[in-house]
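Please treat every number below as a calculation from the coordinates, not as lab data. As the structure is a prediction and not an experimental result, all values here were calculated from the model. As a convention, Cβ positions derive from the backbone with ideal geometry for all residues, glycine included, and neighbour counts pool all protein chains shown.
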Amino acid sequence: MLSLFKIDFRIMGQIRLNGMEFYAYHGCYRDEQLMGNRFLVDVTMETDMVTASKTDDLYDALNYAEAYQLVAQEMSIRSQLLEHVSSRILDRLFERFPQLEQAEVCVTKLNPPIDGQLPGVSVSQKRTKIN
C-alpha cells in the first residue's frame, strides 16, 4: 500500500570516544608546564545518523577517526585551564562537522598537583547547536 504522506524522520545517535589518553602540558603551575602530565579525554557527539544508516558509507557519517585527530591536535596546545582546552575541542568539532547537533567533552588531569590524594580532576562542557 502506497502512503499518501511522506514521513520525514531523524535517527539521532551518539558517537563516543572514550578514554583517549594524552601526555600534555596543561596547568597553571610552572612544574605542570615543564614536566607535563597524563590526561584522559572523553567525547560524546550527537548527530543525525539517518543517511549513514542507509548508505553504509563513511562519507555520510561523522568520522570518529578524524574527530580523534582534532582532539589530539587541541591537546597538544598548551593551556593553563582545562576549561580552555575543553572549549577549544568543542570549537574544532563543531567547525569540522556541520552535522553535529550536540557534543560533550570531559578532560581529566590524572594525579593533579594538590596537597592530598586525588586520582584525577575533570572539567566537562556540553554544547548544543541552536538552529
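Before moving on, here are some points about what is shown:
- Overall form of the stretch 76-118 per C-alpha gyration tensor (a/c, 1.5; a/b vs b/c): prolate
- Span from the the stretch 6-57 Cα centroid across to the the stretch 117-131 one, whole angstrom: 11 Å
- Of [x] 195; [y] 112; [z] 121, the label for volume of the Cα convex hull per residue in Å³ derived from the coordinates: [z]
- Gaussian network model of the chain, Cα within-10 Å springs - most flexible of TYR25, TYR59, TYR68: TYR59
- Residue among ILE15, ILE89, ILE114 with the largest mean-square fluctuation in a Gaussian network model of the chain, springs linking Cα atoms under 10 Å: ILE114
- Per residue, the chain reaches -8500 deg cm²/dmol at 222 nm when only DSSP H runs of four or more residues are counted, each adding -39500 (n - 2.57).
- Projected label points at GLU101 and ASP8, each 7 Å from Cα along the beta carbon direction, are separated by 1.4 nanometres.
- Helix 64-75 vs. the chain, principal-axis angle (Cα, 0 to 90°, nearest 10): 30 degrees
- ASP60 paired with ILE114, simple spin-label distance in nm, labels 7 Å along Cα-to-beta-carbon: 4.7 nm
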